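Participant: One structure is given below, represented as structure tokens, and several questions about it will come after.
The values are calculated or read from the model by the stated rules, or taken from the named source; none is laboratory data. Computed from a predicted model, the values in this text were never measured in an experiment. Methodologically, a virtual Cβ is constructed for each residue, glycine included, from the backbone with ideal geometry; neighbour enumeration extends over all protein chains shown. Remember, those area values only see protein heavy atoms, side chains included, never the ligands or the DNA or RNA. Shrake-Rupley method; radii C 1.70, N 1.55, O 1.52, S 1.80 Å.
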Amino acid sequence: MHHSIRHRLALVPLALVLLAPAARGREADALPPAVRNANAQLLSQFFAQGGASPAVLEYRRKLAEYQAARAAFDAEAGAYWSQISEKRRGRNAKRRSGQQITLDDYVLEHPPLYNGPKRPVNPEPEETPDRPARKPIPVVADFLRAAQELYQFTPQRPSSEVEFKRAYARYALANGLTREQAVRVYSFETGGTGTYDVQAGIEHGGKRAISTAMGYNQLLTTNSVELLAEQGHELIHALSEKVARTSGPARHALEHKFAVLKKMVAHAKSVPDTWSEHEKMGATPQGWAMHAMVLDVDIGPMLQTHKLLTSVHFARAKGYSRPLSAAELEMMNLTGDGTGLDMVTMPQAMRERVPTSNFFQRGGYERNPVAIRHNTVAKLLAVTDERMDVNSGKPGAKELAGAF
């Protein structure tokens with residue numbers, strides 16, 4: 001406020017100079033008409049614009065240009081993404097009634113991308129509303145603390161990375177995952193070097209978690225809650241068999257783990273079996289405690305396996321009998337089973353023509369440079385395969401392949 005007052009006072013002498021001829025009565029009439037008109041125009045602009053500086057006037061001009069360009073883009077983009085949603089609803093309805101999906105069921109144009117002027121920077125200080133502080137993303141220490149406080153349990157960590165990989169390989173093979181699927185998805189998700197406890201953002205030199213995604217297949221807290229709710233019976237059965245084969249002090253520790261697992265499964269099942277409800281639980285200390293099981297050498301490999309197996313079983317249940325390639329499985333892992341299967345079941349000729357935008361919400365697409373750059377289903381699958389090829393030669397991927 002004080003800055004603004006000082007700024008305007010500094011312009012007062014200019015106004016007085018412009019007003020002076022009029023104050024001297026007939027002397028003003030001696031000025032040429034062109035000068036009198038120019039003075040009047042300057043005065044009009046000065047008061048109409050509140051004494052704004054040239055920099056502020058330029059900012060206002062650029063802001064108006066930006067707002068006009070952005071409004072035009074939003075109108076165009078809004079219409080496009082409404083069409084995407086409408087086509088998606090149509091495809092879902094046709095699938096429910098057993099009808100064949102054709103090219104006409106997709107939007108075949110690529111979405112508009114904003115390429116107008118950027119929002120200009122205001123040269124004057126602006127008041128910005130106070131934003132609530134972002135909640136910090138929980139990390140491994142938080143998951144372990146929650147498991148101890150709520151379940152009096154600490155996950156049994158492996159003695160080495162290869163021990164966890166061998167446990168994962170044994171369980172994955174026994175339950176129908178192939179080496180190619182497991183190794184290539186691991187290569188894509190972790191870059192071919194990830195450890196069993198790697199968390200998104202805290203790898204390759206990263207310092208800050210960007211999500212709760214953890215482990216070989218990057219499970220979120222929501223995934224852990226959902227897997228305990230939906231596959232809990234399988235996990236309980238597998239662990240009970242291991243308890244029966246174990247004796248001595250090791251059996252006592254396993255029995256405690258078994259009791260904790262049953263409690264977690266019961267708690268996960270206590271809410272409606274929907275993603276949104278599992279997401280809510282995943283954001284609580286109880287969900288964090290469940291997520292700590294990803295680190296356990298017995299339970300973790302099961303959770304990693306079932307994260308992929310649910311997609312395999314979903315595809316089979318929908319009548320897709322051909323084995324999923326690793327890239328196809330990754331599409332389902334990344335985008336969700338329903339959306340992923342939409343891409344997987346598409347013939348190659350359609351994959352070449354259908355834009356990736358058909359499988360995204362607007363916000364997700366506009367923040368995804370990979371989907372924008374590789375903008376058809378065929379291109380997206382190809383770049384996924386290419387990344388898997390490269391990363392499968394890295395040490396962690398080679399070690400996992402050897403564990404199979």
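Participant: Does the range 202-219 contain any residue that is open to solvent by less than 10 Å² (accessible area, probe 1.4 Å), within 27 Å of E386 (Cβ to Cβ), in a helix (DSSP H, G or I) and in contact (Cβ under 8 Å) with a residue 12 or more places away in the chain?
Facilitator: No, there is no match, as no residue in the range 202-219 is open to solvent by less than 10 Å² (accessible area, probe 1.4 Å), within 27 Å of E386 (Cβ to Cβ), in a helix (DSSP H, G or I) and in contact (Cβ under 8 Å) with a residue 12 or more places away in the chain.
Participant: Let me ask you something else. Among the candidates A75, A79, A93, A133, single out the residue that is of a type in the set (A, V, I, L, M), open to solvent by 60 Å² or more (accessible area, probe 1.4 Å) and closer than 20 Å to N358 by Cβ. Show your work before the answer.
Facilitator: Values: A75 fails: closer than 20 Å to N358 by Cβ; A93 fails: open to solvent by 60 Å² or more (accessible area, probe 1.4 Å); A133 fails: closer than 20 Å to N358 by Cβ.
A79 is the lone residue from the list that is of a type in the set (A, V, I, L, M), open to solvent by 60 Å² or more (accessible area, probe 1.4 Å) and closer than 20 Å to N358 by Cβ.
Participant: Which numbered condition trips up A167, out of (1) closer than 28 Å to D273 by Cα; (2) surrounded by fewer than 23 Cβ atoms within 10 Å (Cβ to Cβ); (3) hydrophobic (A, V, I, L, M, F, W, C)?
Facilitator: Of the numbered conditions (1) closer than 28 Å to D273 by Cα; (2) surrounded by fewer than 23 Cβ atoms within 10 Å (Cβ to Cβ); (3) hydrophobic (A, V, I, L, M, F, W, C), the odd one out for A167 is (1).
Participant: Looking only at the range 130-182, count how many residues are closer than 30 Å to D389 by Cβ and without any contact (Cβ under 8 Å) to a residue 40 or more places away in the chain. Give the derivation first.
Facilitator: Keep residues of the range 130-182 that are closer than 30 Å to D389 by Cβ, which gives 158, 160-182.
From what is left, the residues that are without any contact (Cβ under 8 Å) to a residue 40 or more places away in the chain are 160, 174.
Within the range 130-182, residues that are closer than 30 Å to D389 by Cβ and without any contact (Cβ under 8 Å) to a residue 40 or more places away in the chain number 2.
Participant: Of all the residues that make up the range 339-359, how many are under 22 Å from Y80 (Cβ atoms) and either aliphatic (A, V, I, L, M) or free of Cβ contacts under 8 Å to residues at least 24 places away in the same chain (or both)?
Facilitator: We begin by selecting, within the range 339-359, every residue under 22 Å from Y80 (Cβ atoms); these are 339, 342-343, 346, 350-359.
So of that shortlist, the ones also either aliphatic (A, V, I, L, M) or free of Cβ contacts under 8 Å to residues at least 24 places away in the same chain (or both) come out as 339, 343, 346, 350, 354.
Final tally of qualifying residues: 5.
Participant: So, one more: Considering A229, A174, which residue is over 17 Å from P138 (Cβ atoms) and open to solvent by 40 Å² or more (accessible area, probe 1.4 Å)?
Facilitator: A174
Participant: Does the range 154-161 include one or more residues that are part of a helix (DSSP H, G or I) and under 16 Å from A397 (Cα atoms)?
Facilitator: Taking the range 154-161 and keeping what is part of a helix (DSSP H, G or I), we get 161.
Adding the requirement that they be under 16 Å from A397 (Cα atoms) leaves 161.
Yes, because at least one residue in the range 154-161 is part of a helix (DSSP H, G or I) and under 16 Å from A397 (Cα atoms).
Participant: Pick out the one residue from A326, A401 that is over 18 Å from A213 (Cβ atoms), of a type in the set (A, V, I, L, M), touching a helix residue (DSSP H, G or I) at 6+ places or on another chain (Cβ under 6 Å) and surrounded by fewer than 22 Cβ atoms within 10 Å (Cβ to Cβ). Break it down stepwise before answering.
Facilitator: Numbers: A326 fails: surrounded by fewer than 22 Cβ atoms within 10 Å (Cβ to Cβ).
Criteria check complete, one pass: A401.
Participant: Please note which helices (runs of 4 or more DSSP H) are completely contained in the range 300-352 and include at least 1 residues that are farther than 23 Å from R387 by Cβ. Before you say what the answer is, go through the steps one by one.
Facilitator: Numbers: elements: 326-335, 337-344, 348-351.
Where helices (runs of 4 or more DSSP H) fall fully within the range 300-352 and carry at least 1 residues being farther than 23 Å from R387 by Cβ, they are 337-344, 348-351.
Participant: Same structure again: What are the residues in the range 276-290 that are small (G, A, S) and within 18 Å of the chain's Cα centre (by Cα), if any? Steps first, answer last, please.
Facilitator: The first filter runs over the range 276-290 and keeps only residues small (G, A, S), leaving 276, 282-283, 287, 289.
S276, G282, A283 - these are the residues of the range 276-290 that are small (G, A, S) and within 18 Å of the chain's Cα centre (by Cα).
Participant: Quick one: which of K307, K269 is in contact with a helix residue (DSSP H, G or I) (Cβ under 8 Å, 6 or more places away or on another chain), surrounded by fewer than 17 Cβ atoms within 10 Å (Cβ to Cβ) and not hydrophobic (A, V, I, L, M, F, W, C)? It would help to see each step written out before you state the result.
Facilitator: Values: K307 fails: surrounded by fewer than 17 Cβ atoms within 10 Å (Cβ to Cβ).
Only one candidate passes the filter, namely K269.
Participant: For the condition at pLDDT below 95 and either open to solvent by 40 Å² or more (accessible area, probe 1.4 Å) or assigned to a helix (DSSP H, G or I) (or both), what is the one hit in S224, S247? I'd like the intermediate steps shown before the answer.
Facilitator: Values: S224 fails: at pLDDT below 95.
Every option except S247 fails the conditions.
Participant: Right, another one. Taking the condition at pLDDT 95 or above and crowded, with 21+ Cβ neighbours inside 10 Å, does M331 pass?
Facilitator: Numbers: at pLDDT 95 or above: no; crowded, with 21+ Cβ neighbours inside 10 Å: yes.
Here the answer is no, as M331 does not meet what is asked.
Participant: While we're looking at this one, here's another question. Scan the range 99-115 and report the pairs whose first residue is touching a residue at least 60 places away in the same chain (Cβ under 8 Å) and of a type outside the set (V, I, T) and whose second residue is in a loop (DSSP other than H, G, I, E, B) and surrounded by 13 or more Cβ atoms within 10 Å (Cβ to Cβ), with Cβ atoms within less than 8 Å and a gap of 6+ or a chain change.
Facilitator: Filtered contacts from the range 99-115: L103/R353; L103/V354; Y106/V354; L108/R353; L108/V354; H110/N375.
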